[in-house]
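Enquirer: Structure incoming, see below.
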Amino acid sequence: MSIEVKNVTKLYGEQKALDVINLTIKKGEIVGFLGPNGAGKSTLMKIITGYLSTSEGTVLVSGFDIITQKIEAQKRIGYLPEHNPLYLEMYVKEYLQFNASIYKIAKKEVDEIIAKVGLTSEAHKKISQLSKGYRQRVGLAAALLHNPEVLILDEPTTGLDPNQLVEIRNLIKEVGKEKTVLFSTHIMQEVEAICNRVILINKGKIVADRNLKELNENQKQVIEVEFDFKVEKQFIVAIPHLKSASNTFNTHWVLAFDTTEDMRSKVFDFAHENGLKILSLTTKNQNLESLFRTLTT
Ligand code: ADP
Ligand code: MG
């Protein structure tokens, strides 16, 4: 096991930020830690990395207790904190070499990491001159320097533009091939894009822990459709295999089916038979989305 969290509770004064958290993450997993703002994601990550103490419970990283064997445990962790603290006046390479010297890492290896995270062209710039996306790469490079087994990334894509987002996601996927990764996000789509397992947290409690492949396989089919005219529900229910139908907006319907058969053509047939035109039609991964909604509201 790479990460074992046992009965962890954290109080900030009176407030329970974490309420008896238990989870284990195996070597090689990329786990998305999903939850709304204030759910307790950063708090748990600070505890796993040894930057915050627990009120109760224990954490093991690669078998080492984060409190009693802190140095051994931290050697195995790369951490990108939520508010990635960088020395803005330092140059990229200088900053990373400075970090590397703490771990007694050779300069040659620093160059390798710089290349790996795609920072070669920016290596001679001041950190203050970098875009947010490149600053995140510097943070990621710093987290990777000592070749840790476990990576803890706290909202690594927050504040990035769409292109940077894709790049950082790909980078996480890439490094995730050889490491155990736990990354937090409040964006559902992010989890689908990067990981194979999702842990959902809400109000300090884990409310779901699912394998993404299973989640997708058990998914009920949901089609969002917009017709050119308003349709009464009494007609809609004639569409075969329909499990539920909701008229979300004027001529918009969300149709859920309990079949694996692709129902898009049946919806099209229905429209045709009733003299309607389809203005838009999309299928959705309702499962993670509905799971998130039901469990966090
Ligand atoms: P998330 O990362 O999921 O947004 P956090 O772990 O940052 O959530 O916060 C969980 C809860 O704990 C929030 O209600 C937050 O306001 C509170 N909290 C976080 N840090 C502190 C702190 N240092 N002192 C008091 N309350 C805190
Ligand atoms: Mg946070």
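Enquirer: Based on this model, can you work out whether Lys93 counts as out of contact with any Lys or Arg (no Cβ under 7 Å at 6 or more places or on another chain) and surrounded by fewer than 17 Cβ atoms within 10 Å (Cβ to Cβ)? Spell out how you get there, then give the answer.
Expert: Numbers: out of contact with any Lys or Arg (no Cβ under 7 Å at 6 or more places or on another chain): yes; surrounded by fewer than 17 Cβ atoms within 10 Å (Cβ to Cβ): no.
Answer is no for this residue.
Enquirer: Could you tell me whether segment 9-29 includes any residue that is aromatic (Phe, Trp, Tyr), assigned by TED's automatic domain parsing to the domain that holds Ala208 and within 24 Å of Gly176 (Cα to Cα)?
Expert: Residues of segment 9-29 that are aromatic (Phe, Trp, Tyr), as a first pass: 12.
Next, from what is left, pick out any that are assigned by TED's automatic domain parsing to the domain that holds Ala208: 12.
Pick out the ones that are also within 24 Å of Gly176 (Cα to Cα) and you get none.
No, that holds for no residue.
Enquirer: Only one of Tyr95, Tyr79, Tyr87 is within 25 Å of Glu112 (Cα to Cα), touching a Ser or Thr at 6+ places or on another chain (Cβ under 6 Å) and either among the hydroxyl-bearing types (Ser, Thr, Tyr) or part of a loop (DSSP other than H, G, I, E, B) (or both). Can you tell me which? Working first, answer last.
Expert: Details: Tyr95 fails: touching a Ser or Thr at 6+ places or on another chain (Cβ under 6 Å); Tyr87 fails: touching a Ser or Thr at 6+ places or on another chain (Cβ under 6 Å).
Every option except Tyr79 fails the conditions.
Enquirer: Continuing with this model, one more query. When the residues of segment 51-68 are narrowed to those that are within 19 Å of Lys26 (Cα to Cα) and part of a loop (DSSP other than H, G, I, E, B), which ends up nearest to ligand 1 (Cβ to nearest atom)?
Expert: Going through the qualifying residues, I end up with Ile66.
Enquirer: Going through segment 243-279 one residue at a time, which ones are surrounded by fewer than 14 Cβ atoms within 10 Å (Cβ to Cβ), modelled with pLDDT under 95 and in a strand (DSSP E or B)?
Expert: Lys243, Ser244, Ser246, Thr248, Phe249 - these are the residues of segment 243-279 that are surrounded by fewer than 14 Cβ atoms within 10 Å (Cβ to Cβ), modelled with pLDDT under 95 and in a strand (DSSP E or B).
Enquirer: Still on this model: Starting from segment 153-180, take each residue that is farther than 15 Å from Gly139 by Cα and touching a residue at least 12 places away in the same chain (Cβ under 8 Å) and list its partners that are in a loop (DSSP other than H, G, I, E, B) and away from ligand 2 (no atom under 16 Å from the Cβ), counting only C-beta distances under 6 angstrom and pairs at least six apart or across chains.
Expert: What qualifies is Thr180/Ser2; Thr180/Lys27; Thr180/Glu29.
Enquirer: Okay, moving on. Between residues in segment 17-46 that are closer than 25 Å to Lys213 by Cβ and residues that are within 10 Å of ligand 1 (Cβ to nearest atom) and assigned to a loop (DSSP other than H, G, I, E, B), which pairs lie under 6 Å by C-beta distance while being six or more apart or on different chains?
Expert: Pairs that qualify, where the first residue is closer than 25 Å to Lys213 by Cβ and the partner is within 10 Å of ligand 1 (Cβ to nearest atom) and assigned to a loop (DSSP other than H, G, I, E, B), are Pro36/His186; Lys41/Gly35.
The values are calculated or read from the model by the stated rules, or taken from the named source; none is laboratory data. Treat the numbers as computed from the prediction; the structure is a model and nothing was measured. FYI the Cβ positions are ideal-geometry reconstructions off the backbone, even for glycines, and counts take in every protein chain you see.
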